[in-house]
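Values quoted throughout were computed directly from the atomic coordinates according to the rules given, and no laboratory measurement underlies them. This structure is a prediction, so every number in the text was calculated from the model and none was measured. Neighbour counts run over all protein chains shown; Cβ positions are idealised from the backbone, glycine included.
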Amino acid sequence: MPVLATGAPPALSVVVPAHNERDNVAALLAEIEAALGPLGIEWEALFVDDCSGDDTLAQLRALQAAHPRLRVLHHRRQSGQSLAIRTGVKAARGPWIATLDGDGQNDPADIPRLLAARDAGDPTVKLYAGWRVQRRDSGSKRWASRIANAIRARLLQDETPDTGCGLKLFERATFLDLPWFDHMHRYLPALVKRAGWRSVSVPVGHRPRTAGRSKYGNLQRAWVGLKDLRGVAWLIARSRLTQVDEL
């Protein structure tokens, strides 16, 4: 376990799932440090290697010597992005979690913007979701995402323009109280709303991928998304909330 600068527990844990991102992890960690260093808070970064086929894990292990806030977790078999996120959140020591995709398309410089929105926000808001106002993906991926977002918003009524952005800030306890399933990270606003809390979308930047390649194709996303939508809609329909008084 790394020793932080003051010995105090971190106020924020940054969780980064990574699969075959050997050329992105070092630069991403440096950007996280540059973004969070001036804030004067204790933080940690947890990179979760999802059984990469390249030397992503070796790159992360080498970085640990010079970066005491870096923690590295490794899946012994490839288990997907949702489980990698959950692995990181469960291991995290901070009460709030920021997530970033391991491909470098999310800008860590936007994390302070999410923290500022939280600090100025209502305590009933447990999720601050990044909103990629200007996507830097291919035209086909942007087109597919617009259709998927429209269908999801109509069916789930989650009031979120961009649920697929990997940059999010949420309360750790709230996340761990949500039902887990593969791909659940794409439905956090709907699941948080189902649990009786609120989410807020915050405009953030988005960058083109400069190394590696995307792990999903548009048809694969669409097929999995249809099945997931049915499942999440069923969960919402079967949910029940009530106020509890302690006497």
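Sequence gap at least 6, Cα distance under 8 Å: using those rules, report the relative contact order of region 1-98 to the nearest whole percent.
Over region 1-98, the number comes to 41 percent.
Charges at C-beta only: +1 for Lys and Arg, -1 for Asp and Glu. How large is the resulting dipole of the chain about its Cα centre, in Debye rounded to 20?
With only Lys, Arg, Asp and Glu charged at Cβ, the dipole is about 920 debye.
On full extension of the chain, what length is gained from Ala34 through Ala195, given 0.36 nm per residue of separation minus the C-alpha to C-alpha distance?
My answer for the length gained is 54.5 nm.
Given a Förster distance of 35 angstrom, what is the FRET efficiency for Ala91 paired with Leu247, based on the Cβ-Cβ distance and rounded to 0.05? Write out the running numbers ahead of the final one.
Working: r = 37 Å, r/R0 = 1.06.
E between Ala91 and Leu247, to the nearest 0.05, is 0.40.
So for region 12-237, taking the charge dipole from beta-carbon charges (+1 Lys/Arg, -1 Asp/Glu), which of Ala35, Gln134, Gln157 sits furthest toward the positive end?
Sorting the options by dipole projection puts first Gln157.
Let me know the charge dipole size of region 25-85 about its Cα centre in debye, to the nearest 20, where only the beta-carbon of Lys, Arg (+1) and Asp, Glu (-1) is charged.
About 220 debye.
List Glu171, Glu246 from most exposed to least, where exposure is judged by having the fewest other Cβ atoms within 10 Å. Walk me through the intermediate numbers first.
Numbers: Glu171 19, Glu246 3.
Lowest count first: Glu246, Glu171.
Under the classification rounded if a/c is under 1.5, otherwise prolate if a/b is larger than b/c and oblate if not, where does region 29-100 fall, given a ≥ b ≥ c as square roots of the Cα gyration tensor eigenvalues?
Oblate.
From the helices alone, meaning DSSP H stretches of at least four residues, give me the mean residue ellipticity at 222 nm for the chain, per-run term -39500 (n - 2.57), in deg cm²/dmol to the nearest 500.
Working: 8 runs with 92 residues, N = 247.
Mean residue ellipticity, 222 nm, calculated: -11500 deg cm²/dmol.
Counting only C-alpha contacts under 8 Å and six or more residues apart, can you give the relative contact order of the chain as a whole percent?
22
May I ask you to sort Thr99, Thr124 by Cβ crowding, counting other Cβ atoms within 10 Å and putting the fewest first?
Fewest-to-most ranking of Thr99, Thr124: Thr124, Thr99.
Highest mean first, what order results for 35-41, 235-241, 51-57 on Cβ atoms within 10 Å?
Listed from highest to lowest mean packing, they are 51-57, 35-41, 235-241.
Are there trypsin sites (Lys or Arg not before Pro) in region 27-107 that DSSP marks as loop and that have at most 11 other Cβ atoms within 10 Å, and which are they?
Hits after loop and neighbour filter: Arg76, Arg77.
With springs only between Cα atoms under 10 Å apart, run a GNM on the chain and tell me which of Gly80, Gly104, Gly166 wobbles the most.
The residue that fluctuates most here is Gly80.
Looking at the square roots a ≥ b ≥ c of the eigenvalues of the Cα gyration tensor of the chain, which shape do they give, rounded for a/c under 1.5, prolate if a/b is larger than b/c, or oblate?
oblate
From the residues Pro189, Leu235, Gln78, which one has its Cα farthest along the dipole of region 12-237 in the positive direction, the dipole being from +1 and -1 charges on Cβ of Lys/Arg and Asp/Glu about the Cα centre?
Sorting the options by dipole projection puts first Leu235.
May I ask what percent, to the nearest 5, of DSSP beta bridges between residues of region 12-237 are antiparallel? Each step should come with its number before you reach the end.
Values: 7 of 30 bridges.
Antiparallel bridges make up about 25 percent of those DSSP assigns within region 12-237.
Under a GNM of the chain (C-alpha, springs under 10 Å), which listed residue has the highest mean-square fluctuation: Leu127, Leu83, Leu226?
Most flexible of the set in this elastic network: Leu226.
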